[in-house]
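The structure appears below as structure tokens.
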Protein chains: 2
Amino acid sequence: MTNPTERNQNIQQLRQLIEGIDCAMLTTLDDDGSLHSRPMSVCGEIDSAGVLWFFSLANSYKIHEIQHHQQVNVSFSAPDHNRYISISGTAQLVREHNKLQEKWQPKLETWFPQGLDEPNIALLKVKIHKADYWDSSSNFAAKTISLLELSHI
Amino acid sequence: MTNPTERNQNIQQLRQLIEGIDCAMLTTLDDDGSLHSRPMSVCGEIDSAGVLWFFSLANSYKIHEIQHHQQVNVSFSAPDHNRYISISGTAQLVREHNKLQEKWQPKLETWFPQGLDEPNIALLKVKIHKADYWDSSSNFAAKTISLLELSHI
């Protein structure tokens, strides 16, 4: 558990760890107990509330999975730097137009050619609880960053 | 579902997709529903039974998780090639000395300095059921490779 100052420092540290890694793997749990992952383009940096944002289609299967099991993992891999980050958090679908406009980036047109006019465009909000990271090829002991707030004790 | 010939071709295709990616992220489900991942050094190629092998310590927390929920995800990221692979399968702990000897590689001494004399050394056997992969930066539709055998229908 962290106080607000520590929490801000932790968010800043986590931002630095994932900096330059554009694509994360989002893992979700299916109804039959199987685990699936897929690459997701990271949308801006982790915000001050400790949230990672991704664009998605509201009718995609991962949204179905998230509605049945909100807890997800987001992993970042930078093999050239022997850096690996595992983020555990809860995911939620967001469809508010103001938020979609705030987070939209032109690079996303590759996957959403109609931009914000795409009928099922939505945001996936991943609230970070905890991150484990490894940043050395010789020592694979994890270091942990918690973003759980005091109110969650 | 696949017949034996298709299955061998699928295994071969999957071997090619993950070739050159030494470190995968293994995601497991914890008792509280949270999802955790960690980097794992891949131990040789996918074998003819469609199994991925990793060395691990038998008393590590991921083994506890796997004993409670056998289904895992193994993801491979090659960001330089825009190639991402998600493997869904079931994991099992293997401690047979012959198998440990067969799979041991000197590069593993970085993480297991005592080698096969490490008291808790074990293998994690991940039987692959299905793989999704993405290998283009412009088209993020998944392609799927099934390794489920006819006997599983």
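Give the interface area between chains A and B as buried accessible surface, both sides summed, probe 1.4 Å, in Å² to the nearest 100. Interface area, both chains combined: 2600 Å², rounded to the nearest 100.
Give the shape of the stretch B:26-66 as rounded, prolate or oblate, defined through the alpha-carbon gyration tensor: a ≥ b ≥ c are the square roots of its eigenvalues, a/c under 1.5 means rounded, and otherwise the shape is prolate if a/b is larger than b/c and oblate if not. Display every interim value, and only then the final one.
Details: a/c = 2.36, a/b = 1.94, b/c = 1.22.
Prolate.
What is the dipole size for chain A, taken about its Cα centre, with +1 at each Lys and Arg Cβ and -1 at each Asp and Glu Cβ, in debye to the nearest 20? Don't skip to the end; give the middle numbers.
Details: 13 positive and 18 negative charges, 49 e Å.
Charge dipole of chain A: 240 debye, to the nearest 20.
First check a/c for the stretch A:69-153, with a ≥ b ≥ c the square roots of the eigenvalues of its C-alpha gyration tensor; if it is under 1.5, answer rounded, and if not, answer prolate when a/b is larger than b/c or oblate otherwise. Oblate shape, in that a/c is at least 1.5 and b/c is the bigger or equal ratio. Collect residues whose amide H, placed 1.01 Å from N in the peptide plane, falls under 5 Å from the amide H of B:ARG83; neighbours closer than 5 in sequence don't count. Those qualifying (amide H under 5 Å, at least 5 residues apart or on another chain) are B:ALA78.
If each DSSP helix of 4+ residues adds -39,500 (n - 2.57) and the sum is divided by the residues in chain B, what number results at 222 nm, nearest 500 deg cm²/dmol? Each step should come with its number before you reach the end.
On the way: 3 runs with 30 residues, N = 153.
One gets -6000 deg cm²/dmol as the mean residue ellipticity at 222 nm.
So what is the relative contact order for chain B, in percent, with contacts set as C-alpha pairs under 8 Å and at least six apart? Walk me through the numbers before you get to the answer.
Values: 272 pairs, mean separation 43.7, N = 153.
Over chain B, the number comes to 29 percent.
State whether the protein assembly as shown is rounded, prolate or oblate according to the following rule on the C-alpha gyration tensor (a ≥ b ≥ c being the square roots of its eigenvalues): a/c under 1.5 gives rounded; otherwise a/b larger than b/c gives prolate, and the remaining case gives oblate. It is oblate, given that a/c is not under 1.5 and a/b is not larger than b/c. Among the listed pairs A:LYS127/B:LYS99; B:LYS62/B:LYS103; A:LYS125/B:LYS130; A:LYS99/B:LYS127; A:LYS103/B:LYS127, those whose Cα-Cα separation exceeds 30 Å are A:LYS127/B:LYS99; A:LYS99/B:LYS127; A:LYS103/B:LYS127. Rounded to the nearest 0.05, the FRET efficiency derived from the C-beta distance between B:ASP32 and B:GLU6 at R0 = 51 Å is 0.80. Between A:LYS143 and A:ASN59, the distance separating the two model label sites (each 7 Å from Cα on the Cα→Cβ line) works out to 4.6 nm. Amide H contacts of A:LYS130: A:SER88, A:LEU147, each under 5 Å away and 5 or more positions distant or on a separate chain (H built 1.01 Å from N in the peptide plane; Pro and chain starts excluded). Connecting C-alpha atoms closer than 10 Å in a GNM of chain A, tell me which of A:GLU65, A:GLU118, A:GLU19 has the biggest fluctuation. Among A:GLU65, A:GLU118, A:GLU19, the largest mean-square fluctuation in the Gaussian network model of chain A belongs to A:GLU118.
The values are calculated or read from the model by the stated rules, or taken from the named source; none is laboratory data. Quick caveat, the model's predicted, so the values are computed rather than measured. Every residue, glycine as well, gets a Cβ built from its backbone with ideal geometry; the counts of neighbours run over all protein chains shown. With ligands, DNA and RNA removed, areas are computed over all heavy atoms of the protein, side chains included. Shrake-Rupley method; radii C 1.70, N 1.55, O 1.52, S 1.80 Å.
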